[in-house]
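Reviewing the structure listed below.
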Amino acid sequence: MRPRHALDDVRAQEFRAYVAGAGGRLLQTATLLTAEPPDANPRARRLLTVALARTYAGWDGLHGEDPYDHTRRYLVTRFALSAWHRHGALRPRPRPGGPLAVLSPQERLVLVLRLHEGIAEEQTAAMLGLPLDRVRAAHDRAMAAVLRPPARPAPAPVRVDTVPS
């Protein structure tokens with residue numbers, strides 16, 4: 001039997017390799033969820049740090065489960081709960097930003113899981129604990145909001161003055 005510190009070293013090396021491979025994509029997912037700019041994303045980084053800490057704490061108990069799925073599931077759950085507690089519901093929070101900032105947290109969750117992560121509707125519904133019809137409706141609303149061209153100010157009316165005679 002190997003000493004305990006040798007097992008901890010192996011565990012730490014495995015986890016470091018996992019983070020090196022999946023950390024970038026997970027940070028991108030967290031950044032999309034929080035609708036922060038990629039170069040200034042403190043909420044996304046905190047969210048990812050908590051999710052990775054949770055994954056590391058349960059590393060030995062994964063028993064063949066994909067650590068990426070485990071981390072992503074916790075990331076999504078943690079984001080949904082923080083949005084719920086912050087706003088009393090999954091309502092939008094006004095903020096300037098990219099195209100996903102106009103979406104409610106629930107719409108962002110659905111859009112990120114469906115398009116960025118490539119998760120099927122049924123799995124998204126199961127992960128979020130929502131009916132399939134609600135996931136479809138949130139996806140449709142999100143797509144409409146993102147694809148809608150930005151409103152342009154109406155051109156100023158041309159004023160025709162009387163022509164001097």
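The values are calculated or read from the model by the stated rules, or taken from the named source; none is laboratory data. Values in this document were obtained by computation on a predicted structure and should not be read as measured data. Neighbour counts run over all protein chains shown; Cβ positions are idealised from the backbone, glycine included.
So here's what we get for this one:
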| item | result |
| --- | --- |
| ALA17 vs. criteria at pLDDT 90 or above and under 20 Å from HIS116 (Cα atoms) | no |
| Number of the exception - ASP60 against (1) part of a helix (DSSP H, G or I); (2) buried (at least 16 other Cβ atoms within 10 Å of the Cβ) | (2) |
| Scan of region 15-29 for residues that are over 17 Å from ARG46 (Cβ atoms) and surrounded by 13 or more Cβ atoms within 10 Å (Cβ to Cβ), ordered by number | PHE15, TYR18, ALA22, ARG25 |
| Single residue of region 30-43 satisfying the filter (in contact with a Ser or Thr (Cβ under 6 Å, 6 or more places away or on another chain) and not in a helix (DSSP H, G or I)) that is surrounded by the fewest Cβ atoms within 10 Å (Cβ to Cβ) | PRO38 |
| Answer residue from region 106-146, given it is β-branched (Val, Ile, Thr) and in contact (Cβ under 8 Å) with a residue 24 or more places away in the chain and is nearest to LEU32 (Cα to Cα) among those | VAL112 |
